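Here is the structure we will look at, set down as structure tokens.
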Amino acid sequence: QVLLVESGGGLVQPGGSLRLSCAASRSIFVDHMGWYRQAPGKQRELVAAFTGGGLTNYTDSVKGRFTISRDIAKNTLYLQMNSLKPEDTAVYYCNKVLGPYNYWGQGTQVTVSS
């Protein structure tokens, strides 16, 4: 069992920045761990993830603006979001795939609006 707790969401103006954090309940190997988001009326989509061997994958719409990182000692995953746009508004979820299991956090709301 892995518990994931996200934090760092909020209301920000277009062009602003936020950093999301995802704290895991125990030490985990952070490959196959990432961030998803779900906007109202839309399907949940991958934003950024560590895919294996330390490699990362980003959805095209956030490339150059978002950066995924990790602090293994703190069991924490981060998502630095810069140059935010209104279309980035969504609930952001932390995800961890561990063997046959798929773990999700409770989500944190990010709203980009003037």
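The values are calculated or read from the model by the stated rules, or taken from the named source; none is laboratory data. Every value quoted in this text rests on a predicted model; they were computed, and no experiment measured them. All Cβ positions, glycine included, derive from the backbone under ideal geometry; neighbour counts span all protein chains shown. Calculation scope for accessible area: heavy atoms of the full protein, side chains included, ligands and nucleic acids excluded. Shrake-Rupley method; radii C 1.70, N 1.55, O 1.52, S 1.80 Å.
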Scan region 4-13 and give yes if some residue there is in contact (Cβ under 8 Å) with a residue 12 or more places away in the chain, part of a loop (DSSP other than H, G, I, E, B) and of a type in the set (D, E, K, R), otherwise no.
no
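To keep it simple, each residue is scored yes or no on (1) in contact with a Ser or Thr (Cβ under 7 Å, 6 or more places away or on another chain); (2) closer than 21 Å to residue 10 by Cβ; (3) modelled with pLDDT under 95; (4) open to solvent by less than 20 Å² (accessible area, probe 1.4 Å).
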{"site": "79", "(1), (2), (3), (4)": "no, yes, no, yes"}
{"site": "82", "(1), (2), (3), (4)": "yes, yes, no, no"}
{"site": "87", "(1), (2), (3), (4)": "no, yes, no, no"}
{"site": "90", "(1), (2), (3), (4)": "no, yes, no, yes"}
{"site": "93", "(1), (2), (3), (4)": "no, yes, no, no"}
{"site": "97", "(1), (2), (3), (4)": "no, no, yes, no"}
{"site": "100", "(1), (2), (3), (4)": "no, no, yes, no"}
{"site": "104", "(1), (2), (3), (4)": "no, yes, no, no"}
{"site": "107", "(1), (2), (3), (4)": "no, yes, no, yes"}
Residue 24 fails exactly one of (1) loosely packed, with under 13 Cβ neighbours inside 10 Å; (2) more than 14 Å from residue 112 (Cα to Cα); (3) small (Gly, Ala, Ser), namely (1)
Find the residue count for region 36-64, including only residues that are closer than 18 Å to residue 111 by Cα, open to solvent by less than 50 Å² (accessible area, probe 1.4 Å) and over 13 Å from the mean Cα position of the chain (by Cα).
1
Collect the residues in region 24-49 that are over 18 Å from residue 101 (Cβ atoms), touching a Ser or Thr at 6+ places or on another chain (Cβ under 8 Å) and at pLDDT below 95, keeping them in residue-number order.
none
Result of the Cβ filter at 6 Å on region 50-78, keeping first residues that are closer than 18 Å to residue 98 by Cα and part of a strand (DSSP E or B) and partners that are open to solvent by 80 Å² or more (accessible area, probe 1.4 Å) and at pLDDT 90 or above, at least 6 apart or interchain, is 77/70
